[in-house]
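The values are calculated or read from the model by the stated rules, or taken from the named source; none is laboratory data. From a predicted model like this one, the values you see are computed outputs, not experimental measurements. We place every Cβ from the backbone using ideal geometry, glycine too, and count neighbours over all the protein chains shown. When the accessible area is computed, the model is the full protein with side chains, heavy atoms only, and any ligands, DNA or RNA have been set aside. Shrake-Rupley method; radii C 1.70, N 1.55, O 1.52, S 1.80 Å.
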Amino acid sequence: HRLAIYQLLQTINQKCFSALLNLPPQQFRFMVMSIMWGFKHTQRDVADVALTITQDMVNNFNMCDRSISDAFFKAYFIELLNEIIVVLADNEHKSSFKPQYTVLSRMVRLVDSNQITAPLFDASQPENANMNNALFVRQSIANLLATAFANLTQRQIEVFVEGLFNFNDDLEKFRNHVRDFLIQTKEFAGDNADLYLDETEREIEQKKQKEKEQALAVPGMVKPSEMEEDE
């Protein structure tokens with residue numbers, strides 16, 4: 001039931017995005033909150049779809065008229081980013097590691113490449129006179145992690161945050177950097193197989209492909225019907 005609702009939201013986001021722009025502010029806020037609730041869900045299917053919606057929505061707004069995208073990012077970017085980091089650092093949600101780090105990488109990339117032009121901070125405050133979005137996001141992530149992980153040193157957090165900005169254009173390096181940090185926090189002590197899930201799935205797929213190629217090389221090993229299904 002819940003999964004079907006998020007699949008509907010995903011379809012609307014992908015096929016009828018303009019309809020979302022016409023929602024009254026209160027209803028739009030409810031939708032965003034529902035998406036955040038979704039990627040906090042412990043059911044992997046629901047969380048994964050909600051994270052995909054988040055990335056699609058961020059990408060769609062980034063391609064909108066600048067006045068529209070500015071309003072969205074000012075209102076929701078930091079909140080979405082913080083909530084994604086919270087679930088990413090939660091051991092109960094590690095089965096959704098791949099979509100989590102993928103969305104995080106995309107959001108950091110938008111900031112790092114200056115694609116978000118609206119200030120994500122309060123530009124009216126004197127202390128923010130020399131602030132920019134990249135610096136503000138760095139500080140926001142560091143403050144969040146310092147609060148969540150008292151066992152980490154300031155230097156450990158600084159290195160992690162710097163890595164998010166250095167590796168956001170290389171998803172594999174970004175994934176490894178985030179994974180190493182999560183294991184370092186000790187919150188992920190024990191079985192960390194889910195953190196390697198995308199690599200495991202890729203290895204399984206490569207093994208199946210290799211076995212298929214070997215079978216095809218031997219006449220009669222693969223039924224014609226199975227060959228058609230694979231195609």
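Provide the per residue accessible area, probe 1.4 Å, for segment 1-145, rounded to a whole number of square angstrom.
Details: 6970 Å² over 145 residues.
Ligands and nucleic acids excluded, the result is 48 Å² per residue.
Pop out the carbon and sulfur fraction of the accessible area of segment 32-166 as a percent, whole number, probe 1.4 Å. Looking at segment 32-166 in its full context, I get 50 percent from C and S.
For segment 1-136, the spherically averaged projection of the C-alpha convex hull amounts to 8.6 nm².
Which of the three applies to segment 95-174, rounded, prolate or oblate, going by the alpha-carbon gyration tensor with a ≥ b ≥ c and a/c under 1.5 meaning rounded?
Oblate shape, in that a/c is at least 1.5 and b/c is the bigger or equal ratio.
Cβ-Cβ distance of T153 and E92, R₀ of 35 Å, FRET efficiency by 1/(1 + (r/R0)^6): the value works out to about 0.90.
Below 8 Å, C-alpha to C-alpha, sequence gap of six or more: please give me the relative contact order for segment 1-157 in percent. It would help to have the intermediate numbers written out before the result.
Details: 122 pairs, mean separation 29.7, N = 157.
Once divided by the residue count of segment 1-157, the mean separation gives 19 percent.
The label-point distance for M131 and D56, in a model that sets each label 7 Å from Cα toward Cβ, rounds to 3.3 nm.
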